[in-house]
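These notes concern the structure reproduced below.
The values are calculated or read from the model by the stated rules, or taken from the named source; none is laboratory data. Just so it is clear, the structure is predicted and the values come from calculations on it, not from any experiment. We place every Cβ from the backbone using ideal geometry, glycine too, and count neighbours over all the protein chains shown. Side chains are part of the model used for accessible areas, which takes the heavy atoms of the whole protein and leaves out ligands, DNA and RNA. Shrake-Rupley method; radii C 1.70, N 1.55, O 1.52, S 1.80 Å.
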Amino acid sequence: MSDKKIKRIGVLTSGGDAPGMNAVIRAVYRTANYFGIQSIGIRRGWQGLINGDFVVLNDDVVRHTVGRGGTVLYTARSPEFMTEAGRQKALATCKMLGLDGVIAVGGDGTFRGALELSRLGVPVMGIPATIDNDIGCTNYTIGFDSACNTAIDCIDKLRDTMQSHERCSVVEVMGRHAGFLALYVGLAVDATSVLVPEREMDFEQHVIERIQNARLSGITHFMIVVAEGAGSAVEIGHKIKESLGMDPRVTVLGHIQRGGAPTGRDRETATRMGYYAVKAFAEGRSGSVICTREGGIVETPIEEALKMQKHLQMERYDILEAISSTSTGIKQ
Ligand code: ATP
């Protein structure tokens, strides 16, 4: 705890954008006002802190942004902030603007940056926002629900046409290192198979046999959901063609999953996290990531947060197997 009265804080969004970042910015601004703290929006992530690129937050900046995707503060990746010289420039900006603390909204990389800044004496707080939900210290990351719903909406549309033409669809969703999005979406769209980076793929068992089993149960269209880190959707399409003689259509959803209006869950979580980050500063605490655990909000020291790991719940595969094989009673 510090007795120093916080007068002014900065907030920035960094790394990949995620729906709900605007709701964080709004919550930070409004909560800071409530506690009598001025808030400054730092534009373009850590690079903005280096360049002194900022906007004084006010009602006009945040009005009607809670339901908008993207981030009004822009986001960026900053190689310069990875250098000591870059961070010294960022420190100079903090001093020039009189910032008593900085709230960094983003993923693990953003928190590593925050940790480095805190080592230079600037109090920091982190808020997890990434559509991948792959941050170990928190059950939930802002943007995940919106991205899942966007992917589900796209796949539902694809299914309509796949069903009409009795085709196989291979859909690549985001997730270079984590399959949270793919598995969640796969369960929600009744996928024939889901491939994730965390599980080694046995192509015959996990794709071909599942399509065959579905066909035996009378199904004539098939939906294979692939996390981008689990392999190339195009290659998987080719291999299905070679093995089964069908002509799968491949769709890569790509960045569409990062856009769009945040869902209620993301707006609400973002609002709570923004509130608690400012409250921590107002009460003299800093150096933590705001996390959700068992429905509540906790503060986890950044160093500890960066060491924590989160594993894909493999039992969700059991559910997928059960759900997609009930019509034949075939259990693999
Ligand atoms: P996403 O999950 O969307 O990729 P992220 O926050 O993990 O989000 P990164 O690109 O890894 O995204 O990191 C964002 C920025 O944080 C980097 O561009 C860099 O400026 C800063 N950063 C990352 N790692 C470090 C580090 N070790 N030291 C200092 N700054 C870092």
**Report entry** Full-extension gain in nm, His64 to Lys7, via 0.36 nm per residue minus C-alpha separation
**Finding:** 17.9 nm
Report task. State, to one decimal in nm, how far the label point of Tyr34 lies from the label point of Glu283, with both points 7 Å from Cα in the Cβ direction. Result -> 1.3 nm
Query raised in the report: Could you give the length gained on full extension between Val298 and Asp190, defined as 0.36 nm per residue of separation minus the Cα-Cα distance, in nm?
Result: 35.5 nm
Query raised in the report: If contacts are Cα pairs under 8 angstrom and at least 6 residues apart, what is the relative contact order of the chain in percent?
Result: 23 percent
**Report entry** Antiparallel DSSP beta bridges within the chain, percent to nearest 5
**Finding:** 20 percent
Report summary line: One would report the Cα pair-distance distribution of the chain, bin width 20 Å, in %, as 32, 47, 20, 1
Query - Between helix 233-244 and the chain: long-axis angle, C-alpha atoms, 0 to 90°, nearest 10 - result: 10 degrees
Report task. Quick one: angle between helix 21-34 and the longest Cα principal axis of the chain, in degrees between 0 and 90, rounded to 10, please. Result -> 30 degrees
Requested in this report: Would you mind telling me the share, in percent, of accessible area of the chain contributed by carbon and sulfur at probe 1.4 angstrom?
Outcome: 49 percent
Requested in this report: Would you mind calculating the gained length between Glu84 and Arg265 on full extension (0.36 nm times residue separation, minus the Cα-Cα distance), in nm to one decimal?
Outcome: 61.4 nm
Report task. Note the angle between two axes, namely the Cα long axis of helix 144-165 and the longest principal axis of the Cα atoms of the chain, as a number of degrees from 0 to 90, rounded to the nearest 10. Result -> 20 degrees
Report summary line: Links exceeding 30 Å between C-alpha atoms in this model, out of Lys89/Lys307; Lys4/Lys310; Lys4/Lys89, come to Lys4/Lys310
Query - Hull-based mean projected area of the range 113-242, where the convex hull spans the alpha carbons, in square nanometres - result: 9.2 nm²
